[in-house]
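Comments concern the structure below.
The values are calculated or read from the model by the stated rules, or taken from the named source; none is laboratory data. Computed from a predicted structure; not experimentally measured. A quick note on method: Cβ atoms are made from the backbone with ideal geometry, for glycine too, and the neighbour counts reach across all protein chains shown. To get the accessible areas, we keep the full protein, side chains included, count just its heavy atoms, and leave off ligands, DNA and RNA. Shrake-Rupley method; radii C 1.70, N 1.55, O 1.52, S 1.80 Å.
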Amino acid sequence: MEHPKLKSVAVFSRPFTVPGFDEMLPAGTYDIETELSAPPDDRNPDAWKASVLVNLHPRTSHPGLSRTLMVSLADLDAAQAKDELTGKELTEFFLEEMLADPMVQLVMQADGVSEVQLRHLYSGKRSSEVGSDTVTPIREARTPQDKSAIQAAENEGMPPRSN
């Protein structure tokens, strides 16, 4: 009796790599097989780790040659996650999502923080690495109308003061 395997498909929109394999794999659809549990003849089923068999695309130099690659489930998941992020690092993705949030924009405006400042903060550069030609954004001067709107928002729900 053959051991049960889960068959599925992984789709990559960009070329990708997996650890331990020196070849850049092309974008496309890959058939994958995952063993759901340790094989019955495994001597140490507790130490067994899920792995995935990826059916690779044939090389142009050997079009009839079928190839497979055994990778860990974690490595395949990491490659898929990076592909979904379109190759961006996770911090870049987080920053873009954060800057697109209207609530974050309001907090930034109230605190006088610019997008440039946040991008600099998330770039990982230290202040000593910043050259003298870098322009540091200056906090905008607030009008009395801005100040009263901010104060009203800060005091919302508070009982009125008696003078």
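Restricting attention to region 1-23 and to residues that are assigned to a loop (DSSP other than H, G, I, E, B), over 20 Å from the mean Cα position of the chain (by Cα) and at pLDDT 85 or above, the residue that is surrounded by the most Cβ atoms within 10 Å (Cβ to Cβ) turns out to be 21. Looking for something surrounded by 13 or more Cβ atoms within 10 Å (Cβ to Cβ) and at pLDDT 80 or above - is there at least one such residue anywhere in region 87-94? Taking every residue of region 87-94 in turn, none turns out to be surrounded by 13 or more Cβ atoms within 10 Å (Cβ to Cβ) and at pLDDT 80 or above.
For region 24-36, which residues satisfy the criterion of being open to solvent by less than 50 Å² (accessible area, probe 1.4 Å), farther than 10 Å from residue 76 by Cβ and within 23 Å of the chain's Cα centre (by Cα)? Result: 25, 27, 28. Among residues belonging to region 51-66 that are outside any loop (DSSP other than H, G, I, E, B) and among the β-branched types (Val, Ile, Thr), point out the one that is farthest from residue 28 (Cα to Cα). Here the residue is 52. Beta carbons closer than 7 Å, at least 6 apart along the sequence or on distinct chains, pair a first residue in region 63-75 that is open to solvent by 80 Å² or more (accessible area, probe 1.4 Å) with a second that is among the β-branched types (Val, Ile, Thr) for 68/54.
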